[in-house]
Amino acid sequence: MNIRRLSTLIVVLSTLVLGSCGFHIRGAQQSGSQLVGQLHLEDQGSVSVLRPLRNALKAQQVQFAAFREQADTVVILSDEILSRRVASVSGSGRVSEYELLHSVGLRTVRAEDGVKGGELVIDSSKLPKAQTVSVARDFTYDETDVLAKNDEERILRAEMREELVRHLVLVVFSGLR
């Protein structure tokens, strides 16, 4: 009888400990709309990941506000950088490897952080700093096979865009919990 009570007590205590540390059974998590309320997504300049990010957030059941005034959370994307730089050079001085970079600045502002009546309050002490979210990839280059390497770069850039969107979704949700 004591062993049964002890095992029941252990199960109850472990459940309480797991619940208090934020552990959730898969599928028991909050939906995106419960975390952010009405979200308004905007870009400063032309950001190519805006539409894929919107689609990814919709897949997480986030509700979007048509106007900033209606939003509980405003996500601002800015400073997109797409670059390619030489990563290594062969002994003959020719490029043998490039590094591709895709980065975006992200600022998440909640209503209590500085959105009043739909207008961002420009107070650097209250607004969070923009985070830079980036993805980098290396790829080898062969000047004898330029068309294939251009296709490889295009494919890598598409994969990098998808990965960047996944990172952006994680950053948005982690900043709101």
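The values are calculated or read from the model by the stated rules, or taken from the named source; none is laboratory data. Remember, predicted model here, so these are calculated numbers, not experimental data. Backbone-built Cβ (ideal geometry, glycine too); neighbour counts: all protein chains shown.
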Q: Could you list all residues from segment 64-75 that are over 15 Å from V169 (Cβ atoms) and assigned to a strand (DSSP E or B)?
A: V74
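For segment 37-46, indicate whether the set of residues that are at pLDDT below 75 and either closer than 22 Å to L170 by Cα or acidic (D, E) (or both) is non-empty.
First, the residues of segment 37-46 that are at pLDDT below 75: 37.
Now drop any that are not either closer than 22 Å to L170 by Cα or acidic (D, E) (or both), which leaves 37.
Checking segment 37-46: at least one residue is at pLDDT below 75 and either closer than 22 Å to L170 by Cα or acidic (D, E) (or both).
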Q. Does R85 qualify as being surrounded by fewer than 13 Cβ atoms within 10 Å (Cβ to Cβ), in a strand (DSSP E or B) and either among the polar types (S, T, N, Q) or at pLDDT 85 or above (or both)?
A. yes
**Q.** Among (1) surrounded by fewer than 17 Cβ atoms within 10 Å (Cβ to Cβ); (2) at pLDDT 85 or above; (3) closer than 30 Å to E153 by Cβ - the single one A56 does not satisfy
**A.** (1)
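Yes or no, residue by residue, for (1) touching a Lys or Arg at 6+ places or on another chain (Cβ under 6 Å); (2) farther than 30 Å from Q38 by Cβ; (3) at pLDDT 90 or above:
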site	(1), (2), (3)
V95	no, yes, no
T108	no, no, no
G118	yes, no, no
V135	no, no, yes
Q. Does H102 satisfy the criteria of being modelled with pLDDT of 90 or more, surrounded by 11 or more Cβ atoms within 10 Å (Cβ to Cβ) and in a strand (DSSP E or B)?
A. yes
